[in-house]
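The values are calculated or read from the model by the stated rules, or taken from the named source; none is laboratory data. This structure is a prediction, so every number in the text was calculated from the model and none was measured. Note that each Cβ is placed from the backbone with ideal geometry, even for glycine, and that neighbours are counted across all protein chains shown.
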Amino acid sequence: MNTSQIHFSLAWVLLVASLCFGFSLPEKSVASSRLVIPSMINCDFKEALALTDSIIETNSRDPFPYILKLTVLGMRDMDFERSIDSALIVSTNKKAALLIDSLEKHHGKSSYSRMLAGFNKSMYSAFFLRSNAYVSGLQNGFEALEFLKEALELDSTNTEVYFFLGLYDFARAELRSRLWWVLFWYPGDKNRGFERLSVCSRKSTITGTAAALSLSEVYIKEKMLDKADSLLSHLEQMYPESRFVLWSRAKYFEALKDYAKAAVSYEKLAASYNRTSEGRHNYFMTKNKAAHMHTSAGQRENAIILCKAILSEPDLNKYKSVRKDTQRLLERTQNVES
């Protein structure tokens, strides 16, 4: 889960933080979000999907529960770094799009309906990007931005859309700073991205926590570590079982060069992934990361023990890149020891 995932992790929506002011969400949407959020952000995806299906059964003509379900599916894929049920993502996206069209046909376009259309396109874009289908991903992504901009034009107090728009501002600025010789014409405003994410994290009902999580990673990348620590401490209190928060905390300790604590965070992640049937790759990968952190912390004995434990796992051969890197790390660490 690197910085590029921050920019393209468009599935981070529908997370509850606080009541929004000005722009008004339907009460059913707020209630549905609050019902699903604790399971979703704490990575209990089976429970979260069961809840969304239950909501859909009682609100079959409402597009919002389908958006919520698409978010759970996207977050699950992001957590395990692979597409688990592509067919379900495609069918859920299509159903949501049909219901949004019906909503707008009968009630006209509104900031809320355009926002839902933007969220639906954004998450579909993320699905394509995770599948390395970049043309479709970018096409859906740009369409999503147009929908979200429409939503903001229709109601300037709709801070929910600041999440995606803020990330986009930040990403564009990053691309311009890194690829200025190619993208000198490509505008980007980091300050506006920061401001939008900050406002969203404080005021938005649906995307507030999403913005806070993304903002914590942006703070880490920008070396604003005090702000990252404060934000992560708050998120840890709210969601102590969340792997998403724990990933950010591990990267925070790496940025702080506190490699011993980073190793502990990665070992916690490995233990969490080991309790899931889909998380085997990330189980090995985070244990490998922990071994690297022990090495960087000068804890070579711990690194050697962990490397040997990884290499003794019977199904490691399915994950050749992790096996190869762990073997190299073990050899290097043992040579230093001798």
Quiz prompt | Filter pass, A48 being assigned by TED's automatic domain parsing to the domain that holds V245, modelled with pLDDT of 95 or more and under 21 Å from L235 (Cβ atoms) | solution = yes
Exercise. Would a scan of the stretch 222-231 turn up a residue that is closer than 19 Å to M78 by Cα, among the hydrophobic types (A, V, I, L, M, F, W, C) and either at pLDDT 90 or above or not assigned by TED's automatic domain parsing to the domain that holds F64 (or both)?
Worked result: no
Note on the stretch 236-274: residues farther than 18 Å from M75 by Cβ and of a type in the set (F, W, Y) are Y252, F253, Y259, Y266
Reported set for the stretch 266-280 where residues are within 20 Å of R249 (Cα to Cα) and surrounded by 17 or more Cβ atoms within 10 Å (Cβ to Cβ) is Y266, E267, L269, A270, S272, Y273, G279
If we ask which residues in the stretch 312-322 are in a helix (DSSP H, G or I) and touching a residue at least 24 places away in the same chain (Cβ under 8 Å), their number turns out to be 3
Subset of the stretch 29-55, residues over 13 Å from T71 (Cα atoms) and of a type in the set (S, T, Y), comes to S29, S54
Taking the stretch 105-159 and keeping only residues that are under 14 Å from I89 (Cα atoms), of a type in the set (D, E, K, R) and modelled with pLDDT of 90 or more, one is left with K121
Q. Quick check, is A303 of a type in the set (A, V, I, L, M) and within 26 Å of L225 (Cα to Cα)?
A. no
Of the candidates S296, S248, the one satisfying the condition of being among the polar types (S, T, N, Q), assigned by TED's automatic domain parsing to the domain that holds R76 and free of Cβ contacts under 8 Å to residues at least 60 places away in the same chain is S248
- Might you check whether a residue that is surrounded by fewer than 19 Cβ atoms within 10 Å (Cβ to Cβ), out of contact with any Leu (no Cβ under 8 Å at 6 or more places or on another chain) and not in a helix (DSSP H, G or I) occurs anywhere in the stretch 137-153? no
Q: Would you be able to say whether some residue in the stretch 112-127 is of a type in the set (S, T, N, Q), surrounded by fewer than 24 Cβ atoms within 10 Å (Cβ to Cβ) and assigned to a helix (DSSP H, G or I)?
A: yes
